[in-house]
Amino acid sequence: MPAPDRVTAQLWRWRAATAWTAMNRTFAVEDTGLYRERYGVNAKFDVAFLWPMTQVFGSATDLASLSPPLASRADVRTVTDALAGYRDDSREPPGFSSYLAPPVGWLSDRYYDDNVWLGVELVRSYDITHDPDALKYADEIFDFLISGWDTEGPDEGGIYWIESDSNHDRNTVTTGTAALLGLMLHDRLSDEARRIEVLDWSARMYAWVYEYLADEDGIFRDHVRDDGSIDYAVYSYNQGAMIGANLWFHRLTGDALFLDRATRTAQAVLALEDGRYFEGQEIAFNAIFFHYLLDLDQIRPDPAYRQALLRYADYIWNERRDPESGLATTSMPLTLLDQAAMVRLLALAAAASE
């Protein structure tokens, strides 16, 4: 078995395509663009919730972004169209529900974190499909996120985790990723007044995360509770989102401060648990982290970044995948979310090996 850094780009591409095929063979709901949530007895026919669908969306975009692409614009557009079924405009402002909205589904909770990841993937897909609805819905999601900004709690500010009176946690994943989404939108919107509004909000969101959830090493904690106490959990997707936000601020301003901050976070994460940190994280969280780590590597290269990505992707392929079904075994029962994350990791490894 070759070492991860000796696996060729062609082999990584084959692995990514194989995982994508296994996902579509096992989880896809025929002729709908939708997918099942889980695989197994009494679980095979569930339609997926929004969060795993956002990562299916990301996996299609990742494959379509390779050169040459392993997924088509039509593949990306199919998932885009299916995701429209989660849009709920019966409540103001419009947003995307955790499950299919009426009349196909039912009225369900709207999570700000699900929405922000969908917004990020809509913008990424727009660059491939040039679908105006993708940009329109991403912009709409940004307003939904603003509606979740806290104005009453201790450490005032931050975006809630869920649209509910029962939980007022304010998270890095909602607030920091909302800043990232806003910066991505700012770069693509045509209306100047809206661009300024989005940028102002992005700066405000970014500053709040740094004030309340960043530690001295550049690591980001998970959330501020309703009572002002901190949940100190360190999740990899939070670190990735803040690396991404810093990279976008660097692109916008040219200020090396933001690049230094991104680098500091990346190096701190890679040093956690003597490099074994990722094995204890959810595969979907890690796929997001490595996406932005690879973005950082393209601006300020460091061989350690690609080595970490390739090592982890190889571990997933060789140790946490069922060779017979081609499915990721990182959760039981086997899930769409983990399969989509494996596709994303393998696509990133292919990109890193080119």
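For segment 134-147, the count of residues that are within 18 Å of Phe249 (Cβ to Cβ) and of a type in the set (Lys, Arg) is zero. For Ala178, which of the numbered conditions (1) surrounded by fewer than 18 Cβ atoms within 10 Å (Cβ to Cβ); (2) under 28 Å from Leu257 (Cβ atoms); (3) not hydroxyl-bearing (Ser, Thr, Tyr) fails to hold? Answer for Ala178: the failing condition is (1). Any residue at all in segment 39-47 that is hydroxyl-bearing (Ser, Thr, Tyr) and modelled with pLDDT under 95? Yes, because at least one residue in segment 39-47 is hydroxyl-bearing (Ser, Thr, Tyr) and modelled with pLDDT under 95. Scanning segment 72-119 for residues that are polar (S, T, N, Q), more than 16 Å from Asp31 (Cα to Cα) and out of contact with any Asp or Glu (no Cβ under 6 Å at 6 or more places or on another chain) gives Ser72, Ser90, Ser108, Asn115.
One line per residue, one yes/no per condition, for (1) modelled with pLDDT of 95 or more; (2) farther than 30 Å from Leu257 by Cα; (3) polar (S, T, N, Q):
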residue: Asp274; (1), (2), (3): no, no, no
residue: Asp297; (1), (2), (3): yes, no, no
residue: Ala313; (1), (2), (3): yes, yes, no
residue: Asp322; (1), (2), (3): yes, yes, no
residue: Leu327; (1), (2), (3): yes, yes, no
residue: Thr330; (1), (2), (3): yes, yes, yes
residue: Thr335; (1), (2), (3): yes, yes, yes
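Within segment 253-266, how many residues turn out to be out of contact with any strand residue (DSSP E or B) (no Cβ under 8 Å at 6 or more places or on another chain) and touching a residue at least 24 places away in the same chain (Cβ under 8 Å)? Adding up the residues that qualify gives 6. Ala214 satisfies every condition listed in (1) modelled with pLDDT under 95; (2) in contact with a strand residue (DSSP E or B) (Cβ under 6 Å, 6 or more places away or on another chain); (3) not hydroxyl-bearing (Ser, Thr, Tyr) except (1).
Any idea which of (1) crowded, with 17+ Cβ neighbours inside 10 Å; (2) of a type in the set (A, V, I, L, M); (3) touching a helix residue (DSSP H, G or I) at 6+ places or on another chain (Cβ under 7 Å) is the one Ile299 doesn't satisfy? Just one mismatch for Ile299, condition (1).
Apart from one condition, Pro103 fits all of (1) at pLDDT below 95; (2) under 19 Å from the mean Cα position of the chain (by Cα); (3) not β-branched (Val, Ile, Thr); the exception is (2).
In segment 270-299, which residues are among the small types (Gly, Ala, Ser) and touching a residue at least 12 places away in the same chain (Cβ under 8 Å)? Result: Gly275, Ala284, Ala287. When we screen His250, His223 for residues that are under 14 Å from Arg300 (Cβ atoms) and either surrounded by 20 or more Cβ atoms within 10 Å (Cβ to Cβ) or free of Cβ contacts under 8 Å to residues at least 12 places away in the same chain (or both), the only hit is His250. Please work out which residue is farthest from the chain's Cα centre (by Cα), limiting yourself to segment 302-354 and to residues that are loosely packed, with under 15 Cβ neighbours inside 10 Å and touching a residue at least 40 places away in the same chain (Cβ under 8 Å). It comes out as Ser325. Restricting the search to segment 141-155, which residues are outside any helix (DSSP H, G or I) and modelled with pLDDT of 95 or more? Within segment 141-155, Gly148, Trp149, Asp150, Thr151 meet the criteria. A Cβ distance below 9 Å, combined with a sequence gap of six or more or placement on separate chains, defines the contacts here; from segment 173-185, residues that are closer than 16 Å to Trp161 by Cα reach residues that are basic (Lys, Arg) and assigned to a helix (DSSP H, G or I) in the pairs Ala179/Arg204. Among residues belonging to segment 25-40 that are in contact with a helix residue (DSSP H, G or I) (Cβ under 9 Å, 6 or more places away or on another chain) and within 23 Å of Asn318 (Cβ to Cβ), point out the one that is surrounded by the most Cβ atoms within 10 Å (Cβ to Cβ). Here the answer is Phe27. Residues that are of a type in the set (A, V, I, L, M, F, W, C) and within 16 Å of Ala84 (Cα to Cα) within segment 44-59 comprise Val47, Ala48, Phe49, Leu50, Trp51, Met53, Val56, Phe57, listed in sequence order.
The values are calculated or read from the model by the stated rules, or taken from the named source; none is laboratory data. In this text, all values refer to a predicted model and were calculated from it rather than measured experimentally. Backbone-built Cβ (ideal geometry, glycine too); neighbour counts: all protein chains shown.
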